[in-house]
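Structure first, commentary second.
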Amino acid sequence: MAEKYQWSLNSIRKFFFDYKSKIEENESVDIPADEDTLLKFFNALFDNKITFPFKQLTSPFEEGYILLNKETEDVDSEEFKKKKNTELKNFKELKNDEENNYSRFWKKFFEVVEPVYDIDKSAPAITAAEPVVSENSNKIQVDKNSSKKRYTFSLDDAKLFFEKNRLNINSSENDIEVHSNIDVYESMNIGFNNNMYINVPDSLNISETMVLVTDKENQNVVISGRIENGKKDGVVKKFFIARKENIDFDKLFASVKFNLILVDGTFDSLYESNKDISSINCSIFVKEIKINAEDAVFTDKPLCIDFGTSGTSAGSFSIKEKGADRTPELVEFLNVIDDTFSNICPTIVYVEDCSNRDEIKYLFGFEAKKRMIELEYCPEATIEFEIKKWVGAKYSDVVTIYDQEGNRQRNIQKRSIVKAYIKYIIDQAEDFFGVKFSKLHFTAPVKLKTSFIKFMERLLEGEYQVLSSKESVDEAVAVIFDYISKKNTLNMEVGSKESVIVIDCGGGTTDLVECDIELKQAEPYPVFNIINNSGNGDINFGGNNITYKIMQLLKIKTYDYINGLTRDVLEKSESFILETIDKMYESNESERYMILDNVYEDFLKAYEECEALIPTKFEADISDDRKEKVKRNFYYLWNFAEQIKIKFFGEDKVMVDKDTYLDLENTKKSSYIYLVKNNKLERFDNPFDEIKISIKEIRKLICGDIYLTLLKILPENPESYDRYFLSGQSCKINLFNELLKEFIPGKKLRNKIDESETYKESYKFKLNCINGSINYTTSQRSGNDGEKTIVTIPPKENSYSVRYRFSNDCSHKLGMLTDSQKELDLVIENLRDHSREDRTFVLPGDETYFITQDKESLKERIKNDLYFKDDDEFNETFGSLENNSDVSGRLALMSTNKDGYGFSIMFIKKDPNSNGGFDYRVSTEVYTDSFEKSMNYFFDGKR
């Protein structure tokens, strides 16, 4: 008898592992040994439903049919191929034959496919996830570890695997096609922009995690990589990618011809089951490819980075498209959730593996977001959002991190996590452009610019040159450059001048800049002068505030539905809310920071009431199991609220309800929260099925935040400005425009708001900033399109004061420090709303911080690095330092920053010398900090 196609135990295991979520009996599966029992087993197991990808079975069926007939027929003849295709067609039709309950389907399959059990007798039974059933539901909760993991194997792992499987090369002709003949640069990754993609026929099931490149003789492994799907021009392609640390560049430079090694798909399930790469035995397929290795190319053009609270973008110019046209070129990040590419990378960090403190592995951006979705918003590992708010973190600012396996590392510096994310962005940019960058330009919130740039300089010192505050633009001014780079946007004539306001509302902050734009005649090109008159902003308001408000509303509505309540916690009208804010803002100057708490008092009380039933404050001291479930509540509600926000403001919806919810990405399968019942957390399925949210409710929720923000940041005469630019994704909300009418008459406003095409798409609002910063750095390199200059005029009056905690003096302060003193206690006061914040500044204690200077050098240093309103103030301050014999020892000299948005501290050591004078030693660094520290951190587990 002719032999059948042998379906090995490994192949069967692969079949189950890939589709175990379809198995209704979620328990250990022992494969029957005889064919009759196996037939009944398959029927029962899948409940008479063929619910998995059919191509997993057509290939072995076709191979089996050929093997059964090859002794009696010419299997290469056209006549046999037609007969085989007819059998395949009949076989496919059996899967739809409900009348026979699919038993004929499996019977037909095992007529030509033979299960073989003696290939791997040591293999354990196929174990699916252990079922977890909630006390109020019979539905099985998907085990969060059941998601298919995306592995990246080291070069050593790849060598170990290849040595074991070198002789398993499938020598039969295959239809694999590879687009290679690519350029790879030394010390750089192979990414999507190398454009090496693979076409694999449906008949072949290959691993996407173990993909190798060997030399022509198959003696040495040169590259260990993997396959990533990416959608280009509407078509999903399988791209080969590899990390630079997994490339042997010496061997890569030795030739241009190599072999691509693809591994049978059973590899993934086998590795997942035992994690022992040395024990895996798989077929491998070979295809010849060409790779041209070149020395790395360096560019002196800066990489511009717009580091955002919720999303980050990056770009440069004239690198991919060389030439005189300096159009911004933006980095494309792969969205692994839907295989598309995006110019904005989520600012998210997920701790993948922290078992080794010296080699902590993170997932960033879309990878981190996808892992959270795979885990159904219930990660045991640390996931960090809003890390932009860690900019300025001191070395003493640390966190404890965990990975999914329970490994823990304490006292991890916040700045090290920020650095890991920034270096990931740089890495992605270098892959995209195919060059190495040495210079970086960061845009920063206007009020944080000095401290922001200083932080980045220290963070990346010795690795990259970070352009200084003088060489860079803040986020709002970058928007101006985006517009003036478009020749006809301003429609200005030479000699004219326009006064403009930029309002940039991002994910975490809102910036406002007042500017005058002058177009002056010059030869051979005109000159744009941007005179930055004043900057303002609210570091505590952005798009995340809106998401949080919607989350609060969701929680309240769910609570009311469960308890049969029909109350309206938002009964006050928009007009009433705005009028109340006006009255409180004028009459309670010393408590302006409490206005929103008073306006939304009933809403906030209702939200706090919900915590007893629907807990989200996971930071509380509770058991690990409870904390995990409470944390899931928060992340799931937050994600749901974020998507509702996008639905409302992206599609102009009036109402969302059950039908809309079910359309939301990745929410249907994980639609449950945990409720407190009898002091236990019990699962509650489909919590939002009966919940409706209207745009009217959301408007009432957020109008107070937006209006109060505008009230605080707009200048005294907002109608006197010629033009308003709105930037940032949150500015797409029509409510911004409507509330501006409270300050500017409607007809005037209509002509003042810039109505460019970018207004149509919210993601382009985010890109105004990165495009503007690229245009700025471009203009600094060449004046061919006209010179563009920025002149910053410090604010006439500070909005803040800083003083030592036990001093009433808010002018320049020269403070004496004790020998044992380690910290400086300060008070920051907002002079607009009189809110106060205590600040602790850690003193530099190491002698290496100080250098010796003579009196004249010291005088020059103080005058250059600290701010003085005039010479008299400087002379008075220096006189106090020099002449007062009581002032000796260690001192701290503090002033406001020159830009008016922060303060600076210089540390001085003054000791009497033998000549009756003093010797001075001065800190090598002037320590800067912003006046404002954001209080609105939404992911600290306290909300």
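The values are calculated or read from the model by the stated rules, or taken from the named source; none is laboratory data. Model, not experiment: these values are computed from the prediction. Virtual Cβ from ideal backbone geometry, glycine too; neighbours counted across all protein chains shown. Ligands, DNA and RNA are excluded from the accessible area calculation, which covers all protein heavy atoms including side chains. Shrake-Rupley method; radii C 1.70, N 1.55, O 1.52, S 1.80 Å.
Using θ = phi - 60° in the Karplus curve 6.51 cos²θ - 1.76 cosθ + 1.60, the 3J(HN,Hα) couplings for the stretch 403-416 round to 10, 5, 8, x, 5, 9, 10, 9, 6, 7, 5, 4, 5, 5 Hz; x is entered for Gly and Pro. Projected label points at residue 58 and residue 574, each 7 Å from Cα along the beta carbon direction, are separated by 5.5 nanometres.
Suppose the chain between residue 235 and residue 80 were pulled fully straight at 0.36 nm per residue; how much longer would it get relative to their current alpha carbon spacing?
Computed gain between residue 235 and residue 80 is 52.4 nm.
Around the amide H of residue 919, modelled in the peptide plane, lie the amide H atoms of 911, 913, all under 5 Å away and 5 or more residues distant in sequence or on another chain.
Taking amide H as placed 1.01 Å from N in the peptide plane, residue 473 has no amide H partner under 5 Å among residues 5 or more places away or on another chain. Computed from the Cβ-Cβ distance with R0 of 45 Å, the FRET efficiency linking residue 841 to residue 680 stands at 0.45.
A 1.4 Å probe, protein heavy atoms only, puts the accessible area of residue 376 near 10 Å².
Calculated FRET efficiency, residue 327 to residue 781, Cβ-Cβ distance, R0 = 22 Å: about 0.95 to the nearest 0.05. Given a 1.4 Å probe and the protein chains as shown, residue 257 ends up with an accessible area of around 90 Å².
Taking the accessible area of the stretch 250-403, probe 1.4 Å, and keeping the other protein chains in place, the carbon and sulfur fraction comes to 44%. Looking at the stretch 290-346, the GluC sites (Glu not before Pro) that sit in a DSSP loop and have at most 10 other Cβ atoms within 10 Å of their own Cβ are 321. When each of the peptides 509-515, 266-272 is scored by how many other beta carbons lie within 10 Å of its residues on average, the order from highest to lowest is 509-515, 266-272.
Backbone geometry of the stretch 261-266 corresponds, through the Karplus equation with coefficients 6.51, -1.76 and 1.60 at θ = phi - 60°, to 3J(HN,Hα) couplings of 10, 9, 10, 3, x, 5 Hz, x marking Gly and Pro. In a fully extended conformation the segment linking residue 690 and residue 177 would gain 179.6 nm over its present Cα-Cα distance, using 0.36 nm per residue. Taken along the Cα-to-beta-carbon direction at a fixed 7 Å, the label points for residue 195 and residue 156 span 3.7 nm.
Ranking 309, 152 by solvent-accessible area of protein heavy atoms (1.4 Å probe, all protein chains present), from largest to smallest, gives 152, 309.
Ligands, DNA and RNA are left out, and with a 1.4 angstrom probe the accessible area of the stretch 293-432 is 38 Å² per residue. Solvent-accessible area of the stretch 668-743 (1.4 angstrom probe, protein heavy atoms only): carbon and sulfur portion equals 37 percent.
Amide H contacts under 5 Å for residue 283: 264, restricted to partners 5 or more places along the chain or on a different chain, H placed in the peptide plane at 1.01 Å from N.
Were the residues from residue 529 through residue 561 laid out at 0.36 nm apart, the gain over their Cα-Cα distance would be 5.7 nm. 3J(HN,Hα) couplings calculated from phi for the stretch 197-203 with the Karplus curve 6.51 cos²θ - 1.76 cosθ + 1.60 (θ = phi - 60°) are, in sequence order, 10, 10, 9, 10, x, 4, 6 Hz; Gly and Pro show x. Accessible area of residue 390 (1.4 Å probe, protein heavy atoms only, ligands and nucleic acids ignored): about 20 Å².
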